[in-house]
Structure formats: structure tokens, C-alpha cells
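The values are calculated or read from the model by the stated rules, or taken from the named source; none is laboratory data. What you are looking at is a predicted structure, and each value in this text was computed from that prediction instead of being measured. Here the Cβ is made from the backbone with ideal geometry for all residues, glycine too, and neighbour counts use every protein chain on show. Keep in mind that these areas ignore ligands, DNA and RNA; they rest on the heavy atoms of the full protein, side chains included. Shrake-Rupley method; radii C 1.70, N 1.55, O 1.52, S 1.80 Å.
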Amino acid sequence: MSYVAPVKDMLFVLNELAGLAEVNALPGYEDATPETVEAVLDESAKFCGEVVAPLNVIGDREPSTWADGKVTTTKGFKEAFKAFGEGGWQGVQHPVEFGGQGLPKLVATPCVEMLHAANLSFALCPMLSDGAIEALMTAGSDEQKKLYLENLISGKWTGTMNLTEPQAGSDLALVRTRAVPNGDGTFKIFGTKIFITYGEHDMAENIVHLVLARTPDAPEGVKGISLFLVPKFMVNADGSLGARNDAHCVSIEHKLGIKASPTAVLQFGDHGGAIGTLVGEENRGLEYMFIMMNAARFGVGMQGIAVAERAYQKAVQYAKERVQSRDLAGSAGPVTIVHHPDVRRMLMSMRAQVEAARALSYVTAAAFDAAHQHADADVRKANQAFYEYMVPIVKGWSTEMSLDVTSTGVQVHGGMGFIEETGAAQYYRDARILTIYEGTTAIQANDLVGRKTARDGGAVAKAVLAQVRKTQAELASAASQDLQAIAKQLKLGADALEEVVTYVAANMKGDIKAVFAGSVPYLKLAGVVLGGWQMARAAAIAESKLQAGGDVKFLKAKIATARFFAEHVLAQASAFRTAAIEGSAGVLALDEDQF
């Protein structure tokens, strides 16, 4: 089975929940009309379904290979990436002045979801390029922008993010790669970087490495890290490619999943020093890299949603085809397993979690657009605060969700799910990296606790909760029993989340270890409550459209899925609240030698 993008659901979320009309009204986004956006999504769905998705299984079985410093990608990847660039898909949300389409992040987000659902390994390459583009747009010099941006946005060149070293994983204070000034504005880079996604490949003319390194007089710790642009091939003043730079791939990793995506070990400076140029100011590299990191964190959250959607589609297809056992209510013979209650439960669990995460991420993307383009400074500030609060939730909760959903997809297949030939296992294996990429779930949770909640005393979180309670009150007074049932669980969830936010803000200084012991339950609680909020909004809108004579099957399914989410997923809120507030004693009880 190939991938069929859920365009109808995507358009519902864009128009009804994320406010496409309001984004279209922002300065600079006048071209993002509903008609144009629908056409973009239709074309993206066609490209992803017909060109990229068929390569997914091939890439898993015939992954990228390394020999003599060169990486050969899976057969078909190079041609598909060329078509991707020529179709303008790398530039959907990037500026027109550098060859992009200049559309909002809200429009790019479903395109990103489709690409990752079609082929996670393939989509990692343009995702890293997006981060490099954002970093150069923010901190690059005029010359760097002129020489690099157009080629990155066109897909002729690709970008990478080089943070991790053998001794420096999440603790970037331990970075030891050196940058020695040449006296002409350039630097020689020496060091080893590991886990570099698409650090070497054959799909583009050049690879632009953004590398964290230290200058000779830099202070210790994260305050002494600078960011350097180090191309695989040197770039001449006229934009043409010059000599091969001293940056080489010495191996690629053998991995559990995403096997077609080459994860490189890069060696800089084995033959005299790789030539790089400083991005922005010295010792501000981590600040600039976090521009890439935040873009990538949101993107990884979309990866989780995407692979979960693909697993759901696979499971539904199998459940409708696999004949096994009689119907519990009595049947003449064996029936397809979609008739069995627990298979229905599993499919609804998969569907509901994907739809909730999709809605939450698209609403977050719309806030990003308003934060950057709205004419009112106060509105920009409020949307920026909302976006920043949501990023660790979109990344952390959506990727944890993807493990649950892809695992359930294997379960729906039964024993056949454990057999590679059915394809269900690939989604489970591919998804496993996502809770680790760009900061583990614990790192996202630490960010949510420290920077996004305790720092402002929970003000932003409580402002979001005020919106949740407004939706809950509207549903509670509705005539529909479905909406009332959803409202009941949403209230309980909002109460639980508010308790945890208050606890975090009040105890950060007095009992910091206890607060952080409950950080991941807090993140998961925020995910299920805020995802439930969006599903509640969707159900209310679907109910009103149903009364007006809308698409009956689609709208009834939306309401039923929202109710399932409320009663099966959102209902977990009290358990997360208990773990976050009362669970630290168990976490911290044992001494080191007792493990």
C-alpha cells in the first residue's frame, strides 16, 4: 500500500481550527488563499504519494552505503530529490527574494507532514536544509545569504547541523571542535562530529555544514561556542563551486530504523583544516544553532504525526482485509478483523491521537505566522509566547505518541506485524529515533518546566488554559450528548493541568529535583489536554456544520473520534497529574548503588 495524504482532514484543520483565513489576512501572506492552499496540498499529496512513498520500503531494505569517503543513497532517491527541488517544495515557506514561494508556515506544515509520512528517511534531508536556511536568514551575513540561500532553497545544495561530538551529546558545553582564524576572515576547522544526518550523500551538488566550534580565546562552556559555515565544496565569489573542502565522511551508522538516511561521522581538518566562515558574532553560536534546533524540533514533532498516520493507514487496510474469527454478535462465518471490538479500539486510538496531534501542531504553526507577520506588536508577542510554549509539547508529545501508535499498528497485524514483509514493523522502527532527535523527551520536558513555565510563573500556560476552559464551557452547555461527554473530560483535564502548572511554578526554587522528576508526565499531560482541547473544538465545529447539512460521514466521524479521544486518551490526565505532583518520592528513592 502506498501513502494517501489525508487532505480532507488537513484542510478541515487548516480552515476550521488553525484559522487559515486569518493567516491569509496577514501582511505578506495574501497569496495563501483557501483555493491556492487546497491546490498546493493536492499537488503535494500527488508528489508524495506517487514519487516519494514508493521508495520507502526500498530504502529500508536497500539503505544508503558508504565506501571510500562517499555515500551512495538508495536507488531512486537522487532522482526524487531532484524532482522535489524542481517542484519548489524546499522553498514553500521561504522568502520569494531567494527563490522561495513565501507561503506561511501553516501551509508548509501539512506539506512537511505528507513528505515525512511518505518516506521518513528521504524527508530528513530537506528538513535539515530548512533549519540551515532559517539560521542563515537570521544570523548570516549579506554575503553568506547571497552565496548560499538561493541554492539551498532550490534544493541544488543541502544543509546540515553539526553539534554532537563523541564526548558531547546533549551537553554542548563539552564541544571541542576548534576554529583557528586565518587572518583573512576565514577559519580553519578541526574536529569530529557524529550523528550528522545527510552529512554526506550524492543527491545534491554541495552540502553546507553549519558547525559549532571554539575559537582559540573562547571562554569555556556554552558561552564560548561559535557557529561556522563549512561547505563540502568551496564557493567562489561568483557562486560557482571551487575546490573540495577538508571535511570528509569517515563512516555512516548502522541503525534500527530510518536506514536510507545516511547518519555520518564527519572529520574536519585531517588535511590541513576545513575552511569555514563565521556565522554572526563569535561566541553566540549556540544561540544561532537554536534557531535551527527550534525549527527542527517542530519538524520532528511533525515526523511523529506523519509516521503515525502512515502506520494507521496500514493498520486500517489490514484490518479490512484480514479474515479471522466470527463476529461476537454471531455471523455465518469468519469476518474481517475490523468487526472485532478491540481492533476497533486500537484503530480509534491510533486515529484519535494522530488527529489531535495534527490539530495541535497546525494551530501552533498558525501562531508562528502571526508572531512574525501580524501588524499589532502585542498580538505578535502573545503568539510568540504561545508558539514557544507549544514547541516542546508538539515535539515531545507527538513523538511519544508515534511510538504508541506505530506499536499499536504492529499489534493490529498480530503475528504478521512482527514479520518485516508486511511493512508494519518499519514504521515502529523508524519512529523510535524521534523521541531522541533534537533533544530527548526529557530535554523537551525540562524546557517546558524551566523556560516555558517556571520562568514566568506559569503565566503563558495559564493563558492557554483560559482558552481551554472557554471551549469547555461552550461544549458543556450544548444540547449534544457527545459534546457534553467531551466537555466533562476536558474540564477534568484542564483542572489537572492547572494543578501541575501551579505546582511547577511554586516549587521550582524549593524542590527542583521533585519538579523535574515529574517533568515528562507534565509534558504528556499538556499534550493530552491541549490535544483534547483541539479535538473538542473540532467536534463543536463539526456538530454545527452537521446541523447545517455538511458532509455527514466526515463530520460524524470527527465527532466520534473526538469523543473517543476524550474518554480514552484525555481521561489519562489524572494519572499524569499524580505522577507529576506526587510521584517524585518513587523516582528519587534509590541510591545509585541500588540500581
Notebook entry, point to check: Since Glu220 meets every condition but one in (1) surrounded by fewer than 20 Cβ atoms within 10 Å (Cβ to Cβ); (2) closer than 13 Å to Ala274 by Cα; (3) not hydroxyl-bearing (Ser, Thr, Tyr), which condition does it not meet?
Noted result: (2)
Margin query: Looking for something out of contact with any Lys or Arg (no Cβ under 7 Å at 6 or more places or on another chain), buried (at least 22 other Cβ atoms within 10 Å of the Cβ) and within 23 Å of Val391 (Cβ to Cβ) - is there at least one such residue anywhere in the range 547-564?
Written below: no
Next item on the list: Quick one: count up the residues across the range 85-101 that are among the polar types (S, T, N, Q) and open to solvent by less than 10 Å² (accessible area, probe 1.4 Å).
Entry: 1
Notebook entry, point to check: Does any residue of the range 385-408 turn out to be among the small types (Gly, Ala, Ser), modelled with pLDDT of 95 or more, open to solvent by less than 20 Å² (accessible area, probe 1.4 Å) and under 30 Å from Lys556 (Cβ atoms)?
Noted result: yes
Note to self: Being open to solvent by 40 Å² or more (accessible area, probe 1.4 Å) and either more than 20 Å from Lys145 (Cα to Cα) or of a type outside the set (A, V, I, L, M) (or both) is the filter here; which residues of the range 273-295 pass it?
What the structure shows: Thr277, Glu281, Glu282, Asn283, Arg284, Glu287, Phe290, Asn294
Next item on the list: Scan the range 102-118 and give yes if some residue there is open to solvent by 30 Å² or more (accessible area, probe 1.4 Å) and at pLDDT 95 or above, otherwise no.
Entry: yes
Checklist line | Selection within the range 429-479 - open to solvent by less than 20 Å² (accessible area, probe 1.4 Å), farther than 21 Å from Ser170 by Cα and of a type in the set (Val, Ile, Thr) | finding: Thr453, Val464, Val468, Thr471
Notebook entry, point to check: Considering Thr138, Thr160, Thr164, Thr192, which residue is crowded, with 24+ Cβ neighbours inside 10 Å, under 16 Å from Leu227 (Cα atoms) and among the polar types (S, T, N, Q)?
Noted result: Thr160
Check: Within the range 581-591, is there a residue that is outside any helix (DSSP H, G or I), touching a residue at least 40 places away in the same chain (Cβ under 8 Å) and open to solvent by 60 Å² or more (accessible area, probe 1.4 Å)?
Finding: yes
Margin query: For the range 171-185, which positions are crowded, with 18+ Cβ neighbours inside 10 Å and out of contact with any helix residue (DSSP H, G or I) (no Cβ under 9 Å at 6 or more places or on another chain)?
Written below: Thr177, Arg178, Ala179
Check: Within the range 333-345, is even one residue open to solvent by less than 20 Å² (accessible area, probe 1.4 Å), in contact with a strand residue (DSSP E or B) (Cβ under 6 Å, 6 or more places away or on another chain), at pLDDT 95 or above and not acidic (Asp, Glu)?
Finding: yes
Note to self: For the list (1) more than 25 Å from Asp447 (Cβ to Cβ); (2) out of contact with any His (no Cβ under 7 Å at 6 or more places or on another chain), I need the number of the one condition that Ser349 fails.
What the structure shows: (2)
Item checked: Qualifying position, being among the hydrophobic types (A, V, I, L, M, F, W, C) and over 20 Å from Ala295 (Cβ atoms), among Ile258, Ile189, Ile225 -> Ile189
Checklist line | Residue that is surrounded by the most Cβ atoms within 10 Å (Cβ to Cβ), among those in the range 500-528 that are outside any helix (DSSP H, G or I) and not acidic (Asp, Glu) | finding: Gly518
Item checked: Leu210 being under 25 Å from the mean Cα position of the chain (by Cα), open to solvent by less than 30 Å² (accessible area, probe 1.4 Å) and at pLDDT 95 or above -> yes
Item checked: The lone exception for Thr74 - which of (1) under 30 Å from Lys223 (Cα atoms); (2) touching a Leu at 6+ places or on another chain (Cβ under 7 Å); (3) in contact (Cβ under 8 Å) with a residue 12 or more places away in the chain; (4) of a type outside the set (Phe, Trp, Tyr) it fails -> (1)
Notebook entry, point to check: Which residue pairs have Cβ atoms closer than 8 Å, lie 6 or more positions apart in sequence or on different chains, and pair a first residue in the range 381-409 that is over 17 Å from Lys462 (Cβ atoms) with a second residue that is outside any helix (DSSP H, G or I) and of a type in the set (Phe, Trp, Tyr)?
Noted result: Thr399/Tyr437
Margin query: Please determine whether any residue of the range 346-360 is of a type outside the set (Asp, Glu), under 30 Å from Phe290 (Cβ atoms) and either touching a Pro at 6+ places or on another chain (Cβ under 9 Å) or at pLDDT below 95 (or both).
Written below: yes
Next item on the list: For the range 195-207, name all the residues that are open to solvent by 20 Å² or more (accessible area, probe 1.4 Å) and either under 26 Å from Ala442 (Cα atoms) or under 22 Å from the mean Cα position of the chain (by Cα) (or both).
Entry: Phe195
Next item on the list: State which residue pairs qualify: first residue free of Cβ contacts under 8 Å to residues at least 40 places away in the same chain and inside the range 553-572, second residue buried (at least 22 other Cβ atoms within 10 Å of the Cβ) in any location, beta carbons under 7 Å apart, and separation of 6 or more residues or different chains.
Entry: Leu555/Ala542
